[in-house]
């Protein structure tokens, strides 16, 4: 597609006025507003393929997620390409928007419905929120596509309380990999906690000494000699974290299994994250994961302890 000259001139201007140190994940960088204001206004010309707006148009508002999603239309490719380029991001980021992992999401506010583009990091793993859930969403107004206002959601969080969704009973994580054989418990962990920042919201969960979704948290040895700490955090079906912490293996082999808002989140890939895990011992286990530098990760951070 051909990008008009008005877009190119705006793109150069936007690049020269990039955000002064503000981060997409800083809630304070977004000014309170409403969807009618964020999604309002008129383009300079409705026949332009893309019209990039001024940088720094970052807003937050509380709206109801209708549950409706749809693939991001290819007609947004010029505006997304211009916007990501103005932020110094490459073509690989553009392709993520049209690769099936991100969607357009419908929100309702004041009796009217609006479609916004799910962006990074908040758009990944958005299935944790059920239809009818009120959310505080953080939007960047990026311009117009064929005369239509375009905003990208970069964060989403619950305005307070927990979602009403429930986990389907019977789902369990089995910790033994093929070929490991029978396991023997070396130690039992009875206290600890995990703090997770996922899709813009922070969760702190206590160690579940009962291990209701897996097995009793502790250190285990398998028949083939593999040693592993198996941990569970949470206090119910609505949200919990299961962790497999191998002993004597690379820290990136940490395996998290996370349920939030009653729904299993998509598989968490830690290959682009910074992972620091202390050697699990009979006395306990601990570790930290920092994914703030991984553009594709809905998980921002994770810290855990068990004693």
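Could you grab me the full set of residues in segment 172-199 that are modelled with pLDDT under 85 and closer than 22 Å to residue 290 by Cβ?
Hit for segment 172-199 is 199, nothing else.
Of the residues 201, 212, 282, only one is buried (at least 17 other Cβ atoms within 10 Å of the Cβ) and on the phi < 0 side of the Ramachandran plot; which?
After applying the criteria, what remains is 201.
Going residue by residue through segment 255-271, is there one that turns out to be more than 19 Å from residue 211 (Cα to Cα), at pLDDT 85 or above and either in contact with a strand residue (DSSP E or B) (Cβ under 9 Å, 6 or more places away or on another chain) or assigned by TED's automatic domain parsing to the domain that holds residue 121 (or both)?
No, segment 255-271 contains no residue that is more than 19 Å from residue 211 (Cα to Cα), at pLDDT 85 or above and either in contact with a strand residue (DSSP E or B) (Cβ under 9 Å, 6 or more places away or on another chain) or assigned by TED's automatic domain parsing to the domain that holds residue 121 (or both).
At least 2 residues that are surrounded by 19 or more Cβ atoms within 10 Å (Cβ to Cβ), in contact with a helix residue (DSSP H, G or I) (Cβ under 6 Å, 6 or more places away or on another chain) and in contact (Cβ under 8 Å) with a residue 40 or more places away in the chain in each: list the helices (runs of 4 or more DSSP H) lying fully within segment 24-103 that qualify.
In segment 24-103, 77-86 are the helices (runs of 4 or more DSSP H) which contain 2 or more residues that are surrounded by 19 or more Cβ atoms within 10 Å (Cβ to Cβ), in contact with a helix residue (DSSP H, G or I) (Cβ under 6 Å, 6 or more places away or on another chain) and in contact (Cβ under 8 Å) with a residue 40 or more places away in the chain.
Can you work out which of the residues in segment 116-146 that are under 11 Å from residue 105 (Cβ atoms) and in a strand (DSSP E or B) is modelled with the lowest pLDDT?
Taking the candidates together, the pick is 135.
Condition check ((1) at pLDDT below 85; (2) in contact with a strand residue (DSSP E or B) (Cβ under 9 Å, 6 or more places away or on another chain)) across all residues:
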{"position": "10", "(1), (2)": "yes, yes"}
{"position": "16", "(1), (2)": "yes, no"}
{"position": "23", "(1), (2)": "yes, no"}
{"position": "28", "(1), (2)": "no, no"}
{"position": "33", "(1), (2)": "no, yes"}
{"position": "47", "(1), (2)": "yes, no"}
{"position": "52", "(1), (2)": "no, yes"}
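Among the numbered criteria (1) in contact with a helix residue (DSSP H, G or I) (Cβ under 8 Å, 6 or more places away or on another chain); (2) within 27 Å of residue 26 (Cα to Cα), which one does residue 246 miss?
Result: residue 246 passes all but (2).
The values are calculated or read from the model by the stated rules, or taken from the named source; none is laboratory data. Keep in mind that this is a model prediction, so the values were computed, not measured. All Cβ positions, glycine included, derive from the backbone under ideal geometry; neighbour counts span all protein chains shown.
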